[in-house]
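> Encoded as structure tokens, here's the structure I'll be asking about.
The values are calculated or read from the model by the stated rules, or taken from the named source; none is laboratory data. Keep in mind that this is a model prediction, so the values were computed, not measured. Heads up, the Cβs are rebuilt from the backbone with ideal geometry, glycines too, and the neighbour counts pull from every protein chain shown. Note: areas computed on protein heavy atoms with side chains; ligands, DNA, RNA excluded. Shrake-Rupley method; radii C 1.70, N 1.55, O 1.52, S 1.80 Å.
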Amino acid sequence: MDQLKYKCAVTFGRFNIPHSGHVELVQQMLNCAEYADVHLSGSDRNTDYDIRLLLFRHICRMAGVDLSRVRFYNSLSVTEAMIFSVDIAPFNEVVLVLGSDQINMGYSISKTYDTAFVINSRSTSSTEKRYFLDNCEFEEDMLPHFQGDEFALTLSLILRKDELIRNL
């Protein structure tokens, strides 16, 4: 018997350097729901929103994610994201999907908004990507960590430089 899907899966995060683990998060969201609302933090503490979005959409497309079922939003907070997605989802039928590093926040938010909560286990991390971006001398040494995708690598390098500048 097939399990019924939620109408909407919601996530919120900084996604300062989108990577394959974030793509897996979106794929899990689409396994749980008819469509996914991905809210990228719009805080000034984050890297450039437009470049993050471009990279995120690109790596999703390259992984075969059905982008017609994914909506990206610039949201200032997880509260703003949840209010927006719960309000527009048919019958307020929402499931929150967050990475395993956000378990406590997930339980709290799902309780506040009376939604289900699913934990996405980590397969890679932004910290790992930063390590390769910071420590490899040559771009060709970094390419395997970006599945040979030069465009994704270039955008990741731009975002990492932006991140380092903002942290000064």
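A quick yes/no check of all residues on (1) modelled with pLDDT of 95 or more; (2) in contact with a Leu (Cβ under 6 Å, 6 or more places away or on another chain); (3) part of a loop (DSSP other than H, G, I, E, B):
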{"site": "L55", "(1), (2), (3)": "yes, yes, no"}
{"site": "S68", "(1), (2), (3)": "yes, no, no"}
{"site": "V86", "(1), (2), (3)": "no, no, no"}
{"site": "N104", "(1), (2), (3)": "no, no, no"}
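> Within region 145-157, can you find the residues that are open to solvent by 80 Å² or more (accessible area, probe 1.4 Å) and either assigned to a helix (DSSP H, G or I) or among the aliphatic types (A, V, I, L, M) (or both)?
Matches in region 145-157: E150, F151.
Every residue, every condition in (1) under 24 Å from T115 (Cα atoms); (2) without any contact (Cβ under 8 Å) to a residue 40 or more places away in the chain; (3) of a type outside the set (A, V, I, L, M, F, W, C), yes or no:
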| position | (1), (2), (3) |
| --- | --- |
| H22 | yes, yes, yes |
| Y35 | yes, yes, yes |
| I51 | no, no, no |
| F56 | no, no, no |
| R61 | no, yes, yes |
| R71 | yes, yes, yes |
| A81 | yes, no, no |
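> Taking V95, is it over 21 Å from R130 (Cα atoms) and open to solvent by less than 10 Å² (accessible area, probe 1.4 Å)?
yes
> Which of the residues spanning region 70-84 are assigned to a helix (DSSP H, G or I) and farther than 13 Å from F12 by Cβ?
Answer for region 70-84, where residues must be assigned to a helix (DSSP H, G or I) and farther than 13 Å from F12 by Cβ: there is none.
> For region 28-46, check the following and say yes or no: at least one residue is buried (at least 18 other Cβ atoms within 10 Å of the Cβ), out of contact with any strand residue (DSSP E or B) (no Cβ under 8 Å at 6 or more places or on another chain), assigned to a loop (DSSP other than H, G, I, E, B) and not small (G, A, S).
no
> Further question on the same structure: Any chance you could count how many residues in region 79-92 are buried (at least 18 other Cβ atoms within 10 Å of the Cβ) and either closer than 20 Å to N16 by Cα or touching a helix residue (DSSP H, G or I) at 6+ places or on another chain (Cβ under 8 Å) (or both)?
Within region 79-92, residues that are buried (at least 18 other Cβ atoms within 10 Å of the Cβ) and either closer than 20 Å to N16 by Cα or touching a helix residue (DSSP H, G or I) at 6+ places or on another chain (Cβ under 8 Å) (or both) number 3.
> Taking the stated definitions as given, is R14 in contact with a strand residue (DSSP E or B) (Cβ under 8 Å, 6 or more places away or on another chain), closer than 20 Å to E128 by Cβ and open to solvent by 10 Å² or more (accessible area, probe 1.4 Å)?
In short, yes.
> Could I ask something else about it? Only one of H58, H22 is surrounded by 19 or more Cβ atoms within 10 Å (Cβ to Cβ) and at negative phi. Can you tell me which?
H22
> In addition: Name every residue in region 98-144 that is surrounded by fewer than 16 Cβ atoms within 10 Å (Cβ to Cβ) and over 30 Å from T154 (Cβ atoms), in order of residue number.
Listed by number, the residues that qualify are I103, N104, M105, Y107, S108, K111, T112, D114, A116.
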